[in-house]
1. Arrange the peptides 337-344, 673-680 so that the one whose residues have, on average, the most other Cβ atoms within 10 Å appears first.
2. Short version: ³J(HN,Hα) in whole Hz for each residue of segment 95-101, in order, from phi by Karplus 6.51 cos²θ - 1.76 cosθ + 1.60 (θ = phi - 60°), x for Gly and Pro, what are they?
3. If each DSSP helix of 4+ residues adds -39,500 (n - 2.57) and the sum is divided by the residues in the chain, what number results at 222 nm, nearest 500 deg cm²/dmol?
4. Around residue 479, which amide H atoms from residues at least 5 apart in sequence, or from another chain, sit under 5 Å from its own amide H, with H modelled in the peptide plane?
5. Mind giving me the FRET efficiency for residue 240 and residue 287? R0 is 35 Å, r the Cβ-Cβ distance, nearest 0.05 is fine.
6. What ranking do 200, 45, 517 get, fewest neighbouring Cβ atoms within 10 angstrom at the top?
7. Can you sort 115, 570 from fewest to most other Cβ atoms within 10 Å of each residue's own Cβ?
8. For the chain, max minus min Cα coordinate along each principal axis, in Å, sorted largest first?
Amino acid sequence: MATWKSAAYDGRYLQLDISESVSVAGNSSTLSWTLTSAGGSSTYYTIDATTVTINGTQVYYKARTAWDSKVFPAKKGSVSGTITVAHDSNGSKTITVGFSTRVYIFGPQEYGGSMTLTTIDRSAPTVTFSTSNVTANGFKISATSSATADIWQYSTNGGSSWTQFSTTASTSASVTLSSLSPNTSYTVKVRARRQYNQVYGTSSSSTVKTLGGAVVNSASAVTADSATVTITLNVTVYESSYTNTLVLKNGSTTVLTISGLSWSKGTANRTVTLTAAQRTTLLNAMASVKSFTGTFAVSSYSGSTQIGSTSSKTATVQTTAANSAPTISDFTYADSYTTTKNLTGNDQLFVQDYSTLKVTPGTATAKNGASISNYTASCNGLSASNSTGAAITVGKIAKSGSVTVTLTVTDSRGYTASVSKTITVIPYSKPKVSSVTLRRTNDIEAEMQLKFSGSISAVSVNGTQKNSVVYVRYQYKKTSESSYSSYTSIVSATTRSGTSFSYSNLELCSLDANTSYDFHLQIQDKLYSLSSLDLYFTVPQGTPLIALRKKKVGINTPEPQATLDVAGDMRVDGSPLADFVIQQGTSGIWTYRKWKSGTAECWCQYSFTTAISTAWGVLYESGAIALPNFPFTFAEIPHVHISTENSNYAMFVERGSSSSWSTTTNPGKIFAVRPNTAPSATYKISIYAIGKV
């Protein structure tokens with residue numbers, strides 16, 4: 001107890017008494033206080049304002065009380081109350097007590113002081129624990145406390161949250177957890193509340209990992225077409241009593257499922273050897289790919305219940321060309337074109353550019369679940385293929401000599417196998433003519449002359465020349481007609497020696513001298529129309545030197561159109577005769593003449609209406625006046641002369657940019673100019689141009 005007493009006046013004083021009641025569990029004290037007004041010879045005394053403050057809290061206040069009020073504290077008596085004060089975390093507490101009062105006006109006014117409360121035991125219990133019976137879904141916690149505890153809690157997340165497992169007052173408690181996740185690490189703590197002071201003690205943490213399914217750490221590449229196929233995985237096993245299932249997937253497609261795998265506890269390489277059936281299943285699943293990135297997923301089971309989650313890694317599953325490439329036994333070849341085959345007499349020989357190579361594949365065999373998807377035959381840049389293995393027509397071979405033919409088979413995985421052979425291609429080109437002459441006798445008569453010489457290709461088989469000239473013939477038609485005559489053969493009159501041939505006939509046939517003809521000469525060897533040489537000529541009508549017609553004479557023209565009609569230049573003593581007009585006429589407003597020398601001239605009169613009002617120095621001008629196009633196009637810009645026919649006191653100039661000047665098709669643009677302005681008026685000019693065409 002603590003007591004504070006004020007100064008007395010005439011024996012009257014005020015006294016403050018405080019007593020303490022401790023709550024260990026609450027770590028606090030309840031303070032009971034009593035304020036007493038006592039003593040003095042009189043019954044009533046005037047008391048100044050009175051205040052009682054405990055630990056900062058005002059618990060009593062009474063303003064100045066006059067003696068004649070006859071109430072406490074002027075009157076003898078007491079008041080009391082309680083206040084609860086929390087102790088510090090270590091159980092100690094010292095408080096300040098404030099006591100302010102005065103009897104009448106005698107003595108000091110402030111009293112009070114500090115008060116040390118009873119120290120409460122706040123020591124926490126020492127808590128320890130151990131774990132046992134670890135399973136996939138939980139484990140047992142056994143905890144002890146250095147003092148009796150009435151609340152026991154555990155945490156599996158390092159103290160972030162707590163779960164109560166016992167309220168039995170004891171120095172030990174235990175709990176078995178059964179709803180945890182497999183193969184998961186938990187940070188475990190235990191705390192217990194000391195019954196005496198309700199202070200918690202917390203253990204240190206311990207990491208406990210539940211048992212789980214096997215964990216795949218890595219997977220090695222698998223060669224699926226090995227004689228013995230093994231899958232090697234590095235796996236951590238937490239419980240050897242579990243069985244494991246391995247699933248191999250290609251993307252989302254399951255390729256293999258292997259169940260009932262038992263592995264010892266710990267981390268080690270686990271080798272799974274495929275059965276023959278499993279190997280076949282795997283290869284069949286790879287029938288169209290050489291390799292794929294496989295996902296190797298392992299799941300662990302206790303009976304039929306999966307433990308933990310599935311663990312997986314990826315690795316390459318591959319085949320090899322050495323083990324899986326297809327095989328091709330052979331192929332045959334032949335010239336499939338009848339004409340060339342008849343020429344050589346042997347379908348194993350080929351004529352350059354004309355024989356057709358046909359290849360017939362032999363037996364092709366795919367391996368390890370694949371299938372043959374393509375047969376391709378190639379030769380000298382040509383290739384052809386099919387997917388059935390039927391005969392393949394490659395085409396005509398442009399190269400001569402020994403030429404390689406290759407047959408390639410491709411399986412569904414893309415592996416290939418090839419076989420090659422060499423064929424003989426005989427050089428060949430179509431018949432050739434080294435010289436040819438086709439003309440009218442004297443160039444003017446109806447009688448035709450034909451001379452030519454040439455050669456054919458030698459097609460030699462075992463030293464025997466197989467080729468010869470078969471057809472030499474001609475046909476003709478008038479140039480104005482569309483259809484040729486029937487062929488006329490001249491092969492019997494053609495001289496043939498080995499591969500050479502020649503022909504000469506100065507009286508071949510008669511073609512109307514007044515008509516132009518188209519002439520067709522055809523030469524064929526034993527490839528007939530395949531390599532036919534076709535020569536086309538135009539035979540002009542016969543042109544006499546001098547043609548005499550009624551009142552007309554033509555020189556180098558059969559049908560003179562004038563008294564004297566000369567086709568060509570004229571010369572006298574070796575010098576050209578004077579120039580002369582070869583064409584003249586009109587075109588629109590133009591009159592023109594064209595001369596033999598290439599000179600041309602044209603002229604016209606042109607009228608237009610314009611106003612002259614724009615100042616040009618001291619003169620006035622019109623706008624630009626476009627002139628009419630020439631009646632033909634000059635080869636170069638001609639000389640142009642413009643003169644006035646009706647000037648109306650105006651002159652005409654050509655000025656401005658090059659876009660206004662003369663061209664090969666137009667005289668250009670002009671401007672009308674006067675010394676003064678003029679309203680709209682009509683003007684007429686003459687235009688003359690001369691130049692080359």
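1. My ranking of the peptides, most packed first, is 337-344, 673-680.
2. Each residue of segment 95-101 in turn: 10, 10, 10, x, 9, 10, 6 Hz.
3. Values: 3 runs with 21 residues, N = 693.
Result for the chain: -1000 deg cm²/dmol, rounded to the nearest 500.
4. 516, 517, 518
5. Working: r = 38 Å, r/R0 = 1.09.
The computed FRET efficiency comes out at 0.35.
6. On the way: 200 15, 45 25, 517 21.
Arranged by neighbour count, lowest to highest, 200, 45, 517 become 200, 517, 45.
7. Values: 115 20, 570 11.
Going from sparsest to densest Cβ surroundings: 570, 115.
8. Its Cα atoms span 191, 108, 35 Å along the three principal axes.
All of the numbers you see were taken from the coordinates with simple rules; none came from a lab. Keep in mind the model is a prediction, meaning the values are calculated, not measured. When we count neighbours, we look across all protein chains shown, and the Cβ atoms used for this are built from the backbone with ideal geometry, even at glycine.
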